[in-house]
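This report refers to the structure that appears directly beneath it.
No lab work stands behind these numbers, since they all come straight from the coordinates. Keep in mind the model is a prediction, meaning the values are calculated, not measured. Here the Cβ positions follow ideal geometry from the backbone for every residue, glycine too, while neighbour counts run over all protein chains shown.
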C-alpha cells in the first residue's frame, strides 16, 4: 500500500493559464474524491468518482474545472483560464467501495496551486 | 443540512498534560464522525472514526474520541500530549443516509503543545 499520490506537489502559474493535476489513488480503491482547501479552512468537496463514473459534482466546480478518471484508476483535475481565486491546496482522496473501510477517505499530500 | 463546528481556532497545552479538541455536529439521522490531522504542507491523515457501537473510539497515535449523542459532540482527546502532536486537526461528519461523498469538514483547530 503506497498511499494516495499527487503530482505535482506545487504549481505556480500565471492568471489565464491552464493547469492539470494528477491523482493516483490506493490501488484497490475504486472511489476517488477531489477537494479544495484554502488557508484556514477545512477541505471543501469538489467531485467524486466511482470507478470511471463521475457521480457527483459540487457547485464549487465551475465550468472552468473538469475532472476525469478515464480508466477508473488515476484521475486528473484541469483548471482552465486560472484566476487568482483558484489559489489553494487541491487534495485527492480515495476509499474502497466494499469492506470495512468504505467510509474512510485516505488523502494524498495535495497539490498547492499559486496563481499570480 | 449537515454541518460541523470546531469552536476553538487554537488549543495550547503543555507536554504531558491531557488535551481535548472540541467538535459539535448537526446531521439528519445517525452520524458518521471522523477526525483527521494535517501536518504543514501535507494532506490529511485519518485518525479515527465513529460509525456505531461503543461511544469511546480509539485511534492512531494514542488519540481517542467520545461520541455524545445528546450533546451532538465528538471531542478528540489524549491523556498525555506530546510536542509531536502539534498540528491542525479537523473534525468531519456525514449523515448515515448521505452519499459517500457528503463529508463535511470543520474549519480546523490548531493544536500547539509546548515543551
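Have a look at A:39, A:55, A:91 and tell me which one the Gaussian network model of chain A (Cα, springs below 10 Å) gives the largest fluctuation.
Result: A:39 has the largest fluctuation of those listed.
Which translational diffusion coefficient, to the nearest whole µm²/s, is obtained for segment B:9-102 from the Stokes-Einstein equation, given a Kirkwood hydrodynamic radius over C-alpha pairs, 4 °C and 1.567 mPa s?
For the chosen part, D equals 93 µm²/s.
Sorted from largest down, give the three principal axis spans of the alpha carbons of the protein assembly as shown, whole angstrom values.
Sorted largest first, the three principal extents are 49, 38, 34 Å.
Quick one: Cα centre-to-centre distance for segment A:56-103 and segment B:1-59, in angstrom?
24 Å
Kindly state, to the nearest 0.05, the FRET efficiency for residue B:28 paired with residue A:102, given R0 = 22 Å and r defined as their beta-carbon distance.
The formula returns an efficiency of 0.65 here.
What nm distance separates the two modelled labels at residue A:66 and residue B:77, each placed 7 Å from Cα along Cα→Cβ?
If labels sit at residue A:66 and residue B:77, their model points lie 5.2 nm apart.
Contact order normalised by length for chain B, with contacts defined as Cα pairs under 8 Å and 6 or more residues apart; what percent is it?
Numbers: 289 pairs, mean separation 43.7, N = 115.
Computed value for chain B: 38 percent relative contact order.
Please give the contour-minus-distance gain from residue B:5 to residue B:68: 0.36 nm per residue of separation, less the Cα-Cα distance, rounded to one decimal in nm.
21.2 nm
Would you list A:9, A:36 from fewest to most Cβ contacts within 10 Å? Each step should come with its number before you reach the end.
Details: A:9 13, A:36 21.
If I rank by nearby Cβ atoms, fewest first, I get A:9, A:36.
Please report Rg (one decimal) and Dmax (integer) in Å for the Cα set of chain A.
Every Cα atom of chain A included, Rg and Dmax give 13.5, 44 Å.
For chain A, set up a GNM with springs between Cα atoms under 10 Å and report which of A:24, A:63, A:86 has the largest fluctuation.
Result: A:63 has the largest fluctuation of those listed.
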